[in-house]
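First comes the structure, then the notes that go with it.
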Amino acid sequence: MVKKLNIIVGGMLQESNTFSSYKSGIADFYNYYFKIGEQLLDNNVDNELSGFLRAAKERQNVTILPTLFTQACSSGPIRRNDLNELKQLLAERLNEWPACDGVLFVLHGSWVAEDSDDVDGEIVTLIRNKVGADVPIVITLDSHANVTQTIMNQVDALVAYRTFPHVDYADTGYRAANILFSIIGKEFKPFMYHVKLPLILPAEAHTTSVEPMKELWLEADAGQQSGASLATSLLIVQPWLDVAELGCTVVVVGKDAVEAETEAKRLASLLWSRRQQFQVDLWNVEQIIELMRKQKPAGPVIVSDSADSPGAGSPGDSNAVLRQLLQFGNELKFTCLLSMVDGDAAKLAADKGVGQSVRLTVGHSMSVEYGQPIEIQGIVEYVNREGSFTFGGGTVPNMKAIMGCCAVIRIDSIYLLLMEHPTFTGDPAMYRSVGLEPLEADLVLVKSASQFRAEYERIAHGGIYIIDTPGASTANFSKLSFKKVPRPLYPLDECLDYII
């Protein structure tokens, strides 16, 4: 008779940006994705949880013990009281299951509180204290996780995304579940080894389908095929964290301790040797407009203001691109789609109503350290006091994005989408939900480092350009004030004498 496995399942995900002025609270989780208890078993989103459930169904001897699964858009650090409330909700659900055979849990890995550099470490410690030392815990992480020693000490295995843009959420959950089942079945004893590198790299260059990440993953695959690794994670940390343990990490889960260590060091050495290949070309708006005038592209040019990416924890309230486009005046001659988080301006436009002329002050309602508001005048083209859309591939498929009150303001040939709440902007579904079609525009602004490529590369007939603007998630690290990070740290320092 096959033994029945009782598996605790849950997840708490948020990516933090310590340079962002937008503080996160529990409402951000309720507004984005929140399931508790039996609700976890009714999941139609293509996330890690769906991978867990698929693997459990295939085994037929697995009983899911659900706890809490919640996620919020990236942000600045979470407030301590709100974090404690979330932890208490998790603890209460864990207490409902006094015994289990294993734990599957989803984390991001770069979650920071206003008084803690390592919220993910707090969560895995809470779980470990609840289930005891002998129960195997397997977690999944975003490939932009900052892996701390606490995380490594508390879990038996970790599995991270293999893709960026991230398109393997469910597959990552599926792989993690099967590793846990194998550990419980004593098919192998996991040995986990990690190498932390004094290294941060611009997220715009983390794309796994092109070099240098493509080659690094081919090497990782070769190690897995040889048997040196059961699960390799190349964690190219998101770089907007001023924390004491910051750095990229290679983690190898293997059957043999020596082989796992050797493989982790081999891949870490390869990553370190290619660090200078992660350079990013940055443009300004004037250069892009001049290029468009000369080349006359047949389709939209996609412009990424990644320094203000909500997906990287920035508030999404920058007006830098709008400010530069307005300087061209009537000579612009291009249809441009822009987005900006400014709830007060969106509500004022909604009060005016569609078809009305409106004068608004927009931008930098939160990120005052990176710019000042500007005054605009335009026509209200669209209003929705409860705006939302469903992601297709710009992030987790079928996840619902809540924009809150939103309005579209037309300023000559510029269409500005104002929204109340920040959300991931890397899916054309955002613009389409308010009646704007990216394919019909000349220039489309996204506020995303690379995740937008999952959808926008299909329609970027005029090319994709990253612009150099002020913001909390800039690729220009020299503009950020790091104080707590370990030094030396490349590229802030040369680290020429670093040996793995």
- Query: In the chain, with Lys and Arg counted as +1 and Asp and Glu as -1 at Cβ, which of these residues, 337, 144, 363, has the Cα nearest the positive end of the dipole, that is, farthest along it?
  - Reply: 144
- Query: If you take the beta carbon distance between residue 458 and residue 4 as r and set R0 to 45 Å, what does 1/(1 + (r/R0)^6) give as a FRET efficiency, to the nearest 0.05?
  - Reply: 0.50
- Checked against the structure, the computed Cα extents along the principal axes in Å among (i) 69, 52, 50; (ii) 74, 51, 40; (iii) 152, 55, 42 is the one labelled (ii)
- Task: Counting only C-alpha contacts under 8 Å and six or more residues apart, can you give the relative contact order of the chain as a whole percent?
- Result: 17
- Task: Would you please state which residues of the range 219-241 a label at residue 500 would reach in this model, taking the label point 7 Å out along Cα→Cβ and a backbone N cut-off of under 18 Å?
- Result: 219-238
- If each of residue 222 and residue 326 carries a label point 7 Å out from its Cα toward its Cβ, how far apart are those two points in nm? 5.4
- Spin-label point model (7 Å from Cα, Cβ direction): what's the residue 41 to residue 277 distance in nm? 4.8
- Task: Write out the trypsin sites (Lys or Arg not before Pro) in the range 423-473 meeting two conditions: DSSP loop, and at most 11 other Cβ atoms within 10 Å of their Cβ.
- Result: 458
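When the solvent-accessible surface of protein heavy atoms is calculated with a 1.4 angstrom probe, in what order do 161, 193 fall, highest first? Let's see the in-between values first.
Numbers: 161 5, 193 70 Å².
The residues order as 193, 161, largest area first.
What size of dipole, in debye to the nearest 20, comes out for the chain about its Cα centre when the only charges are +1 on Lys and Arg C-beta atoms and -1 on Asp and Glu C-beta atoms?
Values: 43 positive and 61 negative charges, 110 e Å.
The calculated dipole for the chain is roughly 520 debye.
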- Query: Applying the Karplus parametrisation 6.51 cos²θ - 1.76 cosθ + 1.60 with θ = phi - 60° to the phi angles of the range 321-326, what ³J(HN,Hα) value in whole Hz is obtained for each residue in order, glycine and proline being reported as x?
  - Reply: 5, 4, 4, 6, 5, 5
- Task: Choose one of 125, 183, 166: the residue whose Cα lies farthest towards the positive end of the charge dipole of the range 105-259 (beta-carbon charges +1 Lys, Arg; -1 Asp, Glu; about the Cα centre).
- Result: 183
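Within the chain, what whole-number % of the accessible surface is contributed by carbon and sulfur, with the 1.4 Å probe and all protein chains included in the calculation? The partial results should precede the final answer.
Values: 8910 of 19090 Å².
Carbon-and-sulfur percentage of accessible area, whole number: 47.
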- trypsin sites (Lys or Arg not before Pro) within the range 61-152: which are DSSP loop residues with at most 11 other Cβ atoms inside 10 Å? none
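Among the GluC sites (Glu not before Pro) within the range 1-110, which fall in a DSSP loop and have no more than 12 other Cβ atoms within 10 Å of their own Cβ?
Those that pass, being in a loop and sparsely packed, are 96.
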- Using a 1.4 angstrom probe, figure out how much accessible area the chain has per residue, in square angstrom, rounded to the nearest whole. 38
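The values are calculated or read from the model by the stated rules, or taken from the named source; none is laboratory data. Nothing here was measured: the structure is a model prediction, and the numbers come from that model. No Cβ is skipped: glycine too gets one built from the backbone with ideal geometry, and neighbour counts run over all protein chains shown. Protein only, heavy atoms only, side chains kept; ligands, DNA and RNA dropped before computing areas. Shrake-Rupley method; radii C 1.70, N 1.55, O 1.52, S 1.80 Å.
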